[in-house]
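Let me begin by presenting the structure, written as structure tokens, before commenting on it.
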Amino acid sequence: MILFFQTLISGLSLGSIYALIALGYTMVYGIAKMLNFAHGDVIMIGAYSVIVAVMQMNMPPILAIFVSIAFCALLGVIIEFLAYKPLRKAPSLAVLITAIGVSYFLQNIAQLIFGTQQKFFPKIISLPSVTLGTIEISGITLATLAVTAIIMIVLTLFINKTKVGKAMRAVSEDKEAAELMGISTNRTISVTFAIGSALAAVASIFYGATYTYIKPTTGSMPGIKAFTAAVFGGIGSIPGAMLGGILLGIIEQFSKAYVSTTMSDAIVFAVLVIVLVVKPTGLLGKKISEKV
Amino acid sequence: MLKVENLNVYYGKIHALKDISFDVKEHEIVALIGANGAGKSTTLKTISGMLRSHTGSTTFCGEDISRIDSYKLITKGLAHVPEGRRIFLQMTVAENLEMGAYTNGGYIKEGLEDVYNRFPRLLHRKNQIAGTLSGGEQQMLAIGRALMSQPKLLMLDEPSMGLAPILVEQIFDIIKELHSQGTTVLLVEQNAGHALEIADRAYVLESGRIVLTGTGEELAESEEIKKAYLGG
């Protein structure tokens, strides 16, 4: 029973990280109709920027966190502007290949600056652990869960209630019609990249705090897992990314605890395949038939 | 109010609009009629910046708008209800209307009241997802959404398409009412009979060219039009 609850909590925590990253994938897909495969590497850049801010610039941790979030948001906007915007009318394959190129570019830049050796991620969050009966939950796990929950609530309100959020939904449904309403699609896409990359930066802080070491390829595995989570939940759907991320984390941890550590990834992807066979649009993905 | 001069638009190598020139004066209803593929929708799309013309110019209220970004036109008083309505199917009726007032935020409350007065059916369905509306309701929503920007010129692309005859009557009544309240209308229609009935002037398009022009009455009486578009 203890193992069950500990696995559940570590699954929720890992799932929260996946969900934060998956939100970036799914929002960008929803608005710009592209898969930004460089998104995972923004996590890596976010983690390195915390390292630089804390270790080399001696910033207080809380400031370093906000600097990292702002830096990633800006990076996301710049990547979009330089790499993807010129391809707005290009075939989607060209955009996809460009995204993979951007991914390698970011990894190589990181190698050039920080070397290929892994770097220690500073202990910027030190929270006391909480004991519930016989289960001990680490402070960082609690922080991950709490912050992710808050972000999800705020993001949902933002998308559903604010003018910018509604404009994002309008653009995601019909770009041309949105432009006729006076909504600039270019600006909306920039905002989406900024939000997605900022969420990746938040994920990077929890990832770094949980796994403590960072190297230039750190972003690719959580990036792929989060992409899987986004597809699992229904790509383009924000609640889908949240659900998909959390479920993926839980499945992964339970596979590790109860089945086999080496097989866990295989199980995760097998579940994805089964879900897509049964429901090709993902768990919460929807297809609306249009009236003509 | 709107002056279009020498538009030439290409889809790849296809020459879709050939030297299109026409104008719309304040308080007029002007109709563009013609068969499928004659270039009517292409003309509207070019005016609203979704397509670019190789030559010529579009002037709206004295300002050259041929190179302006599409999304800036609504603030100048030009609203376009596109073909197929293009409402946001996954958003509620009220949200769709709010999007119509995206650049006209101060008007939302008053505008919603005005639109709900015109289309009481939308009031009953205001919290419903737009994708669940019937075709006629969707068209009303599309027109209502455009009205939320308080346009000087309303461009309507095939507002009667796919609607039952009784709804077609309703939509044309709404257009007449808007016109009598001071809105200038540029109407694209395949339903030539109805369009000519309410239009002050009309232009007939054929394979990307304007082949005939006159007042609505004149064209409705013309033998060529009767033969080609009014079924005898």
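Scanning the range A:226-253 for residues that are over 12 Å from the mean Cα position of the chain (by Cα), part of a helix (DSSP H, G or I) and of a type in the set (Gly, Ala, Ser) yields A:Gly233, A:Gly240, A:Gly249.
In the range B:86-106, the residues that are under 12 Å from A:Glu173 (Cα atoms) form no Cβ pair under 6 Å with any partner that is part of a helix (DSSP H, G or I) and of a type in the set (Ser, Thr, Tyr), whether six or more places apart or across chains. Residue check: B:Thr92 meets all listed conditions (1) under 29 Å from A:Ser237 (Cα atoms); (2) within 9 Å of chain A (Cβ to nearest Cβ); (3) open to solvent by 10 Å² or more (accessible area, probe 1.4 Å); (4) out of contact with any Ser or Thr (no Cβ under 9 Å at 6 or more places or on another chain) but one, namely (2). Can you tell me how many residues in the range B:44-89 are farther than 23 Å from B:Lys25 by Cβ, aliphatic (A, V, I, L, M) and more than 8 Å from chain A (Cβ to nearest Cβ)? Residues flagged as farther than 23 Å from B:Lys25 by Cβ, aliphatic (A, V, I, L, M) and more than 8 Å from chain A (Cβ to nearest Cβ) within the range B:44-89 amount to 1. In the set B:Gly144, B:Gly131, only one residue is of a type outside the set (Ser, Thr, Tyr), out of contact with any Ser or Thr (no Cβ under 9 Å at 6 or more places or on another chain) and within 14 Å of chain A (Cβ to nearest Cβ); that residue is B:Gly144. Taking B:Ala164 as meeting all but one of (1) over 16 Å from B:Arg85 (Cα atoms); (2) open to solvent by 20 Å² or more (accessible area, probe 1.4 Å), write down the number of the exception. With (1) over 16 Å from B:Arg85 (Cα atoms); (2) open to solvent by 20 Å² or more (accessible area, probe 1.4 Å) applied to B:Ala164, the lone miss is (1).
Return yes or no: is B:Ser66 among the polar types (S, T, N, Q), surrounded by fewer than 20 Cβ atoms within 10 Å (Cβ to Cβ) and more than 24 Å from B:Leu212 (Cβ to Cβ)? The answer is yes for B:Ser66.
Which one of A:Leu106, A:Leu35, A:Leu75 is over 28 Å from A:Ser138 (Cα atoms), within 21 Å of the chain's Cα centre (by Cα) and modelled with pLDDT under 95? Answer to the selection: A:Leu35. Can you find, within the range A:168-182, the residue that is least open to solvent (accessible area, probe 1.4 Å) among those that are more than 22 Å from B:Leu154 (Cβ to Cβ) and at the interface with chain B (Cβ under 10 Å from one of its Cβ atoms)? Looking at residues that are more than 22 Å from B:Leu154 (Cβ to Cβ) and at the interface with chain B (Cβ under 10 Å from one of its Cβ atoms), I get A:Val171. Looking at this structure, is A:Phe71 touching a strand residue (DSSP E or B) at 6+ places or on another chain (Cβ under 6 Å) and buried (at least 17 other Cβ atoms within 10 Å of the Cβ)? When the stated conditions are applied, A:Phe71 does not pass them.
Checked against the criterion of being touching a Phe, Trp or Tyr at 6+ places or on another chain (Cβ under 6 Å) and open to solvent by 10 Å² or more (accessible area, probe 1.4 Å), the candidates A:Ile224, A:Ile274, A:Ile250, A:Ile235 yield just one match: A:Ile235. Applying a threshold of 9 Å to beta carbon distances and a minimum spacing of six or more residues, or different chains, the list of pairs starting in the range B:112-133 at a residue that is closer than 24 Å to B:Lys176 by Cα and ending at one that is surrounded by 18 or more Cβ atoms within 10 Å (Cβ to Cβ) and of a type in the set (Lys, Arg) reads B:Val115/B:Arg145; B:Leu133/B:Arg125.
Listed here are the strands (runs of 3 or more DSSP E) enclosed by the range B:27-89 that have at least 2 residues being within 12 Å of the chain's Cα centre (by Cα): B:29-34, B:78-81.
Only a single item in (1) open to solvent by 10 Å² or more (accessible area, probe 1.4 Å); (2) within 22 Å of the chain's Cα centre (by Cα); (3) modelled with pLDDT under 95 is not met by A:Thr144, and it is number (1). Kindly establish whether A:Val202 is under 30 Å from A:Leu63 (Cβ atoms) and open to solvent by less than 50 Å² (accessible area, probe 1.4 Å). Here the answer is yes, as A:Val202 does meet what is asked. When the range B:96-119 is filtered for residues that are assigned to a helix (DSSP H, G or I) and away from every other protein chain (no Cβ under 14 Å), the ones remaining, listed by number, are B:Lys109, B:Glu110, B:Leu112, B:Glu113, B:Asp114, B:Val115, B:Tyr116, B:Asn117, B:Arg118.
The values are calculated or read from the model by the stated rules, or taken from the named source; none is laboratory data. Just so we're clear, the structure is a prediction, and the values are computed from it rather than from any experiment. Note that we place each Cβ from the backbone using ideal geometry, even for glycine, and neighbour counts take in every protein chain shown. Just so you know, the surface numbers come from the protein's heavy atoms only, side chains and all, with ligands and any DNA or RNA stripped out. Shrake-Rupley method; radii C 1.70, N 1.55, O 1.52, S 1.80 Å.
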